[in-house]
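The structure under discussion appears below in the form of structure tokens.
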Amino acid sequence: MTEIIVKQPRSALSVYRDVIFTKRPGLKEGQSIPRIDARSTGMRIDMGRLKRYREVCGFGLSDQLPLTYLHIMAFPLHMEVLVHESFPLKAIGLVHIRNEITELKPVNTQMTLDCHVWVEGHREVEAGIEFDVHTEFSSGGELVWKGLMTTLRRGGSSEKSTAKKKRTAAKPLGKNLLIENWKVAENMGRRYAGVSGDRNPIHLYPFTAKTLGFKSHIVHGMWTKARTMAALEPMRPDGPVKLSVQFKVPIFLPAKVQLQALRTNNGCKFEVRDGNGEKPHMTGELTSV
């Protein structure tokens, strides 16, 4: 097992230099991703950064942190794991396909937090190699928040056949929907990058995204998840909650999208679709746990 202690986050330039230029051996037959842990202790909430995050993602003021906020506090540890010399896959080109957040206790702005991130193992799937990045936050020795980030490394003979699959319009989510139409600005990727620290070139400008094979720049999936949670606050159940999403297709900027949400017995299910309310970019569910 490899353990990394993060006392001070590295600069984005240093991290992305490793992401882009460091060579990786890949996984040979019979090999898997080794256990790599990263830890940071005594973390405090940066109130200025929190304010900017609320503004970018649409959250109102509260002493309690937005459900999605601790993901960006853990981001430097995520990157330390993914660029560590023991991690066998090249970080550039990884695709965030699913994300799950569970809040076990309310997290307020006065808390001191300890963060633990780890990765271990992988799964062979049709489109390539899939693995999970685990995140836990604790306060005073008590677990308060955990996250699961599922990531895909595309590859293998199935990649072409996967790309040819046709996407059809989704069925209506149901009756009595909450529906919101959003305009996502051309600069939203840069705005979210500024507050989250995730400055992946695919999110910044059309020309930087094109260098990595995208037709234009795309908004962060975690911005879409956070913006959705901000809209769903009135449907949030009391007590511990879980917010799970699947990222379907990117949102190219600028964009018009539609949130559709339906209340359930223990929370709600939702989809962020294209501007016509048809094809989903993201699907998910908010539930009690």
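Here are the numbers for the structure shown:
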{"quantity": "Residue identified as touching a Pro at 6+ places or on another chain (Cβ under 8 Å) and outside the structural domain of Val195 (by TED's automatic domain parsing) among Met73, Met43, Met1", "calculated": "Met1"}
{"quantity": "Within the range 103-158, considering residues that are at pLDDT below 95 and hydroxyl-bearing (Ser, Thr, Tyr), the one nearest to the chain's Cα centre (by Cα)", "calculated": "Ser158"}
{"quantity": "Test: residue in the range 246-254 that is in a strand (DSSP E or B), farther than 21 Å from Gln64 by Cβ and within 15 Å of the chain's Cα centre (by Cα)", "calculated": "yes"}
{"quantity": "Residue satisfying all of: in the range 255-277; within 19 Å of the chain's Cα centre (by Cα) and among the charged types (D, E, K, R); farthest from Lys215 (Cα to Cα) among these", "calculated": "Lys269"}
{"quantity": "Condition check for Ser32: touching a Gly at 6+ places or on another chain (Cβ under 6 Å), at pLDDT 90 or above and of a type in the set (S, T, N, Q)", "calculated": "yes"}
{"quantity": "Residues satisfying the stated conditions in the range 255-289, i.e. assigned to a strand (DSSP E or B), within 28 Å of Ser216 (Cα to Cα) and among the basic types (Lys, Arg)", "calculated": "Lys256, Arg273"}
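The values are calculated or read from the model by the stated rules, or taken from the named source; none is laboratory data. Model, not experiment: these values are computed from the prediction. Every residue, glycine as well, gets a Cβ built from its backbone with ideal geometry; the counts of neighbours run over all protein chains shown.
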